[in-house]
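First up is the structure itself, then whatever we jot down about it.
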Amino acid sequence: MTTPTTLILFGGSGDLSSRLLLPALGQLLTDRADIRVQLIGVGADSLSDDEWSDRVRSSFDTTDSSGEAVDALLRETTYIEADVTDADALSDVLSKAEGAPAVYFALPPHVTEKACVALESVDLPEGTVLGMEKPFGNDAESAHRLNQQLLRLVPEEQVHRVDHFLGQSTVLNLLGLRFANRVFEPLWNRDHIDSVGIVYDEQLGLEGRADYYDSAGALVDMIQSHLLQVMSIFAMEPPHSTDAVDLRDAKSTVLRATRVCDGDPVASSHRARYTEGTVGDRHFPSYVDEPNVDPSRKTETLAQVTFEIDNWRWAGVPFTLRSGKAIGTRRREIIVRFKPAPHVPGGLSGSSDADVLRIALGPDGMALEMNVNGPGDPWELDRVELSAEFGAGQLKAYGEVLESMLNGDPSLSVRGDAAEQMWRIVAPVIQAWRNGEVPLDEYATGSEGPEDWPKV
């Protein structure tokens, strides 16, 4: 496959491009000096090439980007004011690309879908790569339609459904922990693990994202996408290699086996939204009083769902996924609770808690809580923690995404069948919530969530 030499940013004048994509591109060019890429910004705003170049430079400055590759891009980058849902306009944009283009849709989902329809009438250059943000559809059926739409444009391996939450370092750290050590992999199953939790609680509130978040909520924004992807990597069978085909096959196998625990979305799920309060030195209004929020939607800001993986390795092990906003304690971790020791010799006293492995996500690290004979009385067991930090990624998450697109490597992206499976998995929960079968609880901003929820 021809690898891209031009990056086209649809929505180039928007917030996602200036805040995340362009800073990451600058860092990529700084760290990978051999990369040469033409940048074309496309948007509805009217900008001259000089104004566009100044915007790019300002974004690059936020990551201290410099070097010959950066200077070359800044000299040549151009901006095109265009309607990306118009086939003639898209044809004109693509004609400006040098070689194969990587087209990044930094756009709202409904605009992305219209742009893809328009692209059907355009002759795409050989090797064109498409990159797009979640959500991928709004249910399994719409995700399938979108996948079919994309396959009419380019082959599956040239579609990058971006999940920036899973940067290369996080994926490889999880794989290395499991498969490069004999200590953990023999225990990574239902015989030794009692339960698994995957938590992404943040202290941030809505942060002006009501237009998207109020129609998505914590379940769709985090669990349906990011956390199910983390779970699939944690629970996968050993892949032959880290090649994109092997990795994505292994993840999809896990997702196909995943369902709501006991098939009961009412008993297995919880939802809540924050009320007024303070986190650190920041004060938040109640979610329903945030700008542009529609209280009648009953959007949750904290979601918790327990799933099960119906296969030999994981049968009977509950996987609880949780994510919330305006939480007092920031938590980004996988919690592996092992089964208790089958027998502790008589005469030993003290801690009898089961071992717990915590895998931190961003920055990546691990801590193993276990029982050992403590100082002083050798007959008494104390709780200790063994910890380690993993290697940090060289690039920001979006830098890894862009590098993968420019290298033609889809291993960090979500494959089409996985996108459909993730909607299938959460569909019973979404329906139960719409039917009002699960109460919408409340929790004070700065708390750890409703006190009567099961702990993760």
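The values are calculated or read from the model by the stated rules, or taken from the named source; none is laboratory data. As the structure is a computational prediction, the values presented were derived from the model and not from experiment. Please note: Cβ atoms are built from the backbone with ideal geometry, for glycine as well, and neighbour counts cover all protein chains shown. Surface accessibility is based on the protein's heavy atoms, side chains included, excluding ligands, DNA and RNA. Shrake-Rupley method; radii C 1.70, N 1.55, O 1.52, S 1.80 Å.
Taking the condition of being open to solvent by less than 60 Å² (accessible area, probe 1.4 Å) and either under 19 Å from residue 16 (Cβ atoms) or in a loop (DSSP other than H, G, I, E, B) (or both), how many residues in the range 106-130 meet it? Explain how you work it out, then say what you get.
Narrowing the range 106-130 to residues open to solvent by less than 60 Å² (accessible area, probe 1.4 Å): 106-107, 109, 111-112, 115-116, 118-119, 122, 124-125, 127-130.
From the residues that got through so far, the ones that are either under 19 Å from residue 16 (Cβ atoms) or in a loop (DSSP other than H, G, I, E, B) (or both) too are 106-107, 109, 111-112, 115-116, 122, 124-125, 127-130.
Adding up the residues that qualify gives 14.
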Which number in (1) surrounded by 22 or more Cβ atoms within 10 Å (Cβ to Cβ); (2) at pLDDT 85 or above; (3) not polar (S, T, N, Q) marks the one condition that residue 412 misses? (2)
Residues (surrounded by 21 or more Cβ atoms within 10 Å (Cβ to Cβ) and free of Cβ contacts under 8 Å to residues at least 24 places away in the same chain) located in the range 214-241: 236
Among all residue pairs at least 6 apart or on different chains, which show Cβ distances below 7 Å where the first residue, located in the range 199-212, is surrounded by fewer than 16 Cβ atoms within 10 Å (Cβ to Cβ) and the second is of a type in the set (Lys, Arg) and part of a loop (DSSP other than H, G, I, E, B)? 204/325
Where in the range 18-105 are there helices (runs of 4 or more DSSP H), lying wholly inside it, with at least 3 residues that are under 18 Å from residue 398 (Cβ atoms) and in contact (Cβ under 8 Å) with a residue 60 or more places away in the chain? 22-31
Subset of the range 243-269 [within 21 Å of the chain's Cα centre (by Cα) and either over 19 Å from residue 416 (Cα atoms) or free of Cβ contacts under 8 Å to residues at least 12 places away in the same chain (or both)]: 245, 246, 249, 260, 269
Looking at this structure, is residue 372 more than 30 Å from residue 35 (Cα to Cα), surrounded by fewer than 14 Cβ atoms within 10 Å (Cβ to Cβ) and among the aliphatic types (A, V, I, L, M)? yes
Considering every residue within the range 125-145, establish whether at least one is closer than 21 Å to residue 401 by Cα, out of contact with any strand residue (DSSP E or B) (no Cβ under 6 Å at 6 or more places or on another chain), of a type in the set (Lys, Arg) and at pLDDT below 95. yes
Given the options 334, 327, name the one that is touching a helix residue (DSSP H, G or I) at 6+ places or on another chain (Cβ under 9 Å) and open to solvent by less than 30 Å² (accessible area, probe 1.4 Å). 334
The correct count of residues that are open to solvent by 20 Å² or more (accessible area, probe 1.4 Å) and touching a Pro at 6+ places or on another chain (Cβ under 7 Å) in the range 242-260 is 1
Within the range 1-45, the residues that are of a type in the set (Ser, Thr, Tyr) and crowded, with 21+ Cβ neighbours inside 10 Å are 17
Residue that is modelled with the lowest pLDDT, among those in the range 333-382 that are part of a strand (DSSP E or B) and more than 30 Å from residue 169 (Cβ to Cβ): 350
When you look at residue 339, is it of a type outside the set (A, V, I, L, M, F, W, C), open to solvent by 70 Å² or more (accessible area, probe 1.4 Å) and more than 26 Å from the chain's Cα centre (by Cα), yes or no? yes
Select from the range 159-177 the residues that are buried (at least 17 other Cβ atoms within 10 Å of the Cβ), more than 22 Å from residue 134 (Cα to Cα) and over 16 Å from the mean Cα position of the chain (by Cα) and list them in ascending order. 175, 177
The one condition in (1) crowded, with 16+ Cβ neighbours inside 10 Å; (2) over 17 Å from residue 367 (Cα atoms) that residue 186 fails to fulfil: (1)
Where the second residue is acidic (Asp, Glu) and the first is part of a helix (DSSP H, G or I) and lies in the range 169-195, which pairs have Cβ atoms under 7 Å and are six or more apart or on separate chains? 169/364; 170/364; 173/364; 178/185; 179/185
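Checking the condition acidic (Asp, Glu), farther than 23 Å from residue 191 by Cα and open to solvent by less than 20 Å² (accessible area, probe 1.4 Å), which residue from 290, 300 passes? Give the derivation first.
Numbers: 290 fails: open to solvent by less than 20 Å² (accessible area, probe 1.4 Å).
Sole residue among the options that is acidic (Asp, Glu), farther than 23 Å from residue 191 by Cα and open to solvent by less than 20 Å² (accessible area, probe 1.4 Å): 300.
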Looking at the range 424-456, which of its residues are open to solvent by less than 10 Å² (accessible area, probe 1.4 Å) and either closer than 28 Å to residue 159 by Cα or out of contact with any strand residue (DSSP E or B) (no Cβ under 9 Å at 6 or more places or on another chain) (or both)? 425, 426
Which one of 156, 133, 141 is open to solvent by 10 Å² or more (accessible area, probe 1.4 Å), touching a helix residue (DSSP H, G or I) at 6+ places or on another chain (Cβ under 9 Å) and farther than 23 Å from residue 244 by Cα? 141
